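**Student:** Have a look at the structure that comes next, please.
The values are calculated or read from the model by the stated rules, or taken from the named source; none is laboratory data. On a predicted model such as this, the values are computed, not experimentally measured, just so you know. Cβ sites come from the backbone with ideal geometry, for glycine too, and all protein chains shown count toward neighbours. Note: areas computed on protein heavy atoms with side chains; ligands, DNA, RNA excluded. Shrake-Rupley method; radii C 1.70, N 1.55, O 1.52, S 1.80 Å.
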Amino acid sequence: MGIQWMILFVVMAITLVYYKRSDSLEGRRQCVLLSSGALALFSGLRSWWMGDLIKYYTLYTMCNGPQWKSKVFEDFTNIGIRLFFKGMGTIGLSYEVCIFAIALFVAFALGLLIYRYSPSPYWSYLIYIALGFYLFTYSGLKQTIAMGFVCLAIMEIFEENPWKFGFWIFVASLFHFPALVCLLAYPIAKKKIDRMYVFLLIVGAVCLYLFRDQIISLASDIYYEDKSLEAKKLIGGRFLMMILIMVIGLFMRPLHPGDSVYCQVFNLMVVAALIQFFSVYDNVFTRLADYYFQFIVLFMPMLLEPGEHQKEYNPEMYPVMYWEREVYLVLGICITVFAIFFYYQTISGNSVLLDNYRFVWQINPYALYGR
């Protein structure tokens, strides 16, 4: 699993080199291009002989076999991945090229989001890798593609383009139908944070807690046919981590209507936490929450953005909270250490998958397939 540490430290090195220069457009562009390129190469050049990629290869062959029509158009759900495989196969591109194209697209969507809205590429990429979003791209192709399109959609929220937002969410749902949960992102992100907001949030949280069994029963009917879900524990650690991050955010950078993008991202974090609450019943809720929680790549650098930096780019928009430089330094060191520790836990917990990580030139999966 040493290669997984390599990608983390390579990206950390790139973003630290450009830490000061990322304030300029050219420095930020170079930083994001190099970081995105590293992510795309490490992910795109992996062999498909690992995890669910083997199942996706079977799907690729069926979508390009004699009976491809019955497979590609068997139903509308997740038809996007089948159309993608068929299109790539039709023009003579291999499954390896499909994997590389997906890795390139996801890196591009993430990089564009960070380039346009993140105050610090260092924090964005560190959190993206450390919290396991990058490792998920190794195996979950359908949701990986969908989450890339959701990144494009969320930017339309900030730019106030509801029709483009809806279009990208629709495209995302073609690859992973549950992405439609993000249709709520636009009105929720735009919700004004006031006393009524706090009241509704408290009421909503209480209702979710009181009626959690009924909600889970309904969800299990949608995702499963004959499976009842029971809570494995009272509350999940990832949920507590989300709450802690939001509390730190409120403390370091209080919410203000003039700080619109930050407030909108905070609202997305709230939704992520509410969905994550149900992860004690099944991991599917963690995967669902990730559609919203992936925007921690914006929230974390925003809450760590010094007041002087905020004032420089928003001179009259909202009152800025100023903290001593030592506060940001200590908090930054603590978060970096925690991120590396969390990443260690993540790769240790995914050793079955990651032990099979190989680059395309290190293994011939065709000789192993169907043996």
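**Student:** Any idea what angle helix 212-223 forms with the longest principal axis of the chain, computed on alpha-carbon atoms, 0 to 90 degrees, nearest 10?
**Tutor:** The two axes meet at around 30 degrees.
**Student:** So how strong a dipole does segment 1-107 carry about its Cα centre when Lys and Arg Cβ are +1 and Asp and Glu Cβ are -1, to the nearest 20 debye?
**Tutor:** 100
**Student:** As a test of the definition: which semi-axes, in Å, follow for segment 233-371 when you take the square root of five times each eigenvalue of its alpha carbon gyration tensor? Largest first, please.
**Tutor:** After diagonalising the Cα gyration tensor, the semi-axes are 36, 19, 15 Å.
**Student:** Suppose only helical runs count, i.e. DSSP H with n ≥ 4. What mean residue ellipticity at 222 nm does that imply for the chain under -39500 (n - 2.57) per run, divided by all residues and rounded to the nearest 500 deg cm²/dmol?
**Tutor:** Helices in the chain give a 222 nm mean residue ellipticity of -21500 deg cm²/dmol.
**Student:** In whole percent, what relative contact order does segment 258-371 give with Cα contacts below 8 Å and a gap of six or more residues?
**Tutor:** Relative contact order for segment 258-371 comes out at 19 percent.
**Student:** Average projected area of the Cα convex hull of segment 262-332, in nm²? Please list the in-between numbers first.
**Tutor:** Details: hull surface 22.7 nm².
Mean projected area for segment 262-332: 5.7 nm², to one decimal.
**Student:** Cα centroids of segment 20-76 and segment 141-206: how far apart, whole angstrom?
**Tutor:** 23
**Student:** Here's a follow-up. Subtract the Cα-Cα distance of Gln30 and Ala101 from 0.36 nm times their separation in residues, and report this length gain in nm to one decimal.
**Tutor:** Gain in length upon complete extension: 23.5 nm.
**Student:** If packing is taken as the average number of other Cβ atoms within 10 Å across a peptide's residues, how do 181-194, 99-112 rank, most packed first?
**Tutor:** Output ranking for 181-194, 99-112: 99-112, 181-194.
**Student:** Using θ = phi - 60° and the Karplus relation 6.51 cos²θ - 1.76 cosθ + 1.60, list the HN-Hα couplings for segment 245-252 in order, rounded to whole Hz, with x at every Gly or Pro.
**Tutor:** Per-residue couplings from phi come out as 4, 5, 5, 4, x, 5, 6, 7 Hz.
**Student:** Given the pairs Lys20/Lys191; Lys55/Lys86; Lys86/Lys142, which are separated by over 24 angstrom at their Cα positions?
**Tutor:** As for pairs spanning more than 24 Å Cα to Cα, those are Lys20/Lys191.
**Student:** Could you calculate, for segment 118-166, the ratio of the Cα radius of gyration to the Kirkwood radius, expressed as Rg to Rh?
**Tutor:** 1.05
**Student:** Rounded to a whole number, what is D in µm²/s for segment 73-119 from Stokes-Einstein with the Kirkwood radius over alpha-carbon pairs (20 °C, 1.002 mPa s)?
**Tutor:** It comes out at roughly 173 µm²/s.
**Student:** Additional query: Place +1 on the Cβ of every Lys and Arg and -1 on the Cβ of every Asp and Glu in the chain, take the dipole about the Cα centre, and give the residue among Leu184, Tyr122, Phe85 whose Cα lies farthest towards its positive end.
**Tutor:** With unit charges placed on the Cβ atoms, the residue in question is Phe85.
**Student:** Which one, Ala103, Phe295, Tyr262, projects farthest toward the positive side of the charge dipole computed for the chain from Cβ point charges (K/R +1, D/E -1)?
**Tutor:** Toward the positive end, the furthest listed residue is Ala103.
**Student:** Can you give the convex hull volume of the alpha carbon atoms of segment 19-89 per residue, in Å³? The partial results should precede the final answer.
**Tutor:** Values: hull volume 9.7 nm³, N = 71.
It comes to 136 Å³ per residue, whole-number rounded.
**Student:** Just want the answer: with Cβ charges of +1 for Lys and Arg and -1 for Asp and Glu, which residue in Met321, Tyr134, Phe73 is farthest toward the dipole's positive end in the chain?
**Tutor:** Checked the options; the winner is Phe73.
**Student:** Oh, and also: Considering just Cα atoms, how many Å³ per residue does the convex hull of segment 146-215 enclose?
**Tutor:** Roughly 92 Å³ of hull volume per residue.
**Student:** Considering the Cα positions of the chain, please state its Rg to one decimal place and its Dmax as a whole number of Å.
**Tutor:** Here Rg and the maximum Cα pair distance are 21.1, 67 Å.
**Student:** What order, most packed first, do the peptides 128-137, 66-75 have when packing is the mean number of other Cβ atoms within 10 Å of each residue?
**Tutor:** Peptide ranking by packing, descending: 128-137, 66-75.
**Student:** Taking 0.36 nm per intervening residue step and subtracting the Cα-Cα distance, what contour gain separates Ala367 from Lys192 on full extension?
**Tutor:** Taking 0.36 nm per residue and subtracting the Cα distance, the gain is 57.2 nm.
**Student:** I would also like to ask the following. In Å², and per residue, what accessible area does the chain have when probed at 1.4 Å with the other protein chains present?
**Tutor:** 49
**Student:** For the chain, with only Lys/Arg (+1) and Asp/Glu (-1) charged at the beta-carbon, what is the dipole magnitude about the Cα centre, in debye rounded to 20?
**Tutor:** Roughly 560 debye for the chain.
**Student:** Averaging the inverse of every distinct alpha carbon separation and then flipping it gives the Kirkwood radius. What is it for segment 250-293, in angstrom units?
**Tutor:** Numbers: mean 1/r = 0.0889 Å⁻¹.
11.3 Å is the Kirkwood radius here.
**Student:** How large, in percent, is the carbon and sulfur part of the accessible surface of the chain at a probe radius of 1.4 Å?
**Tutor:** Percent of accessible area from carbon and sulfur atoms in the chain: 67.
**Student:** Follow-up question, since we're still on this one. So, in nm, how far is label Arg21 from label Leu83 when the simple model puts each one 7 Å beyond its Cα toward the Cβ?
**Tutor:** Here the modelled spin labels are 4.1 nm apart.
**Student:** Next question, about the same structure. Taking the Cα atoms of segment 98-208, what is the range of coordinates along each of the three principal axes, in descending order and whole Å?
**Tutor:** Computed over segment 98-208, the largest-to-smallest principal extents equal 47, 32, 28 Å.
**Student:** Once amide H atoms are placed 1.01 Å from N in the peptide plane, what residues at a sequence separation of 5 or more from Asn78, or on another chain, have their amide H within under 5 Å of its amide H?
**Tutor:** HN-HN under 5 Å from Asn78: Phe177.
**Student:** Using 0.36 nm times the number of residues separating Asn283 and Leu184, minus their current alpha carbon distance, what extension gain do you get?
**Tutor:** Additional length available on full extension: 33.5 nm.
**Student:** Compare Met302, Met196, Met246 in a GNM of the chain, Cα atoms joined below 10 Å, and give the one with the largest fluctuation.
**Tutor:** Ranking Met302, Met196, Met246 by mean-square fluctuation puts Met196 first.
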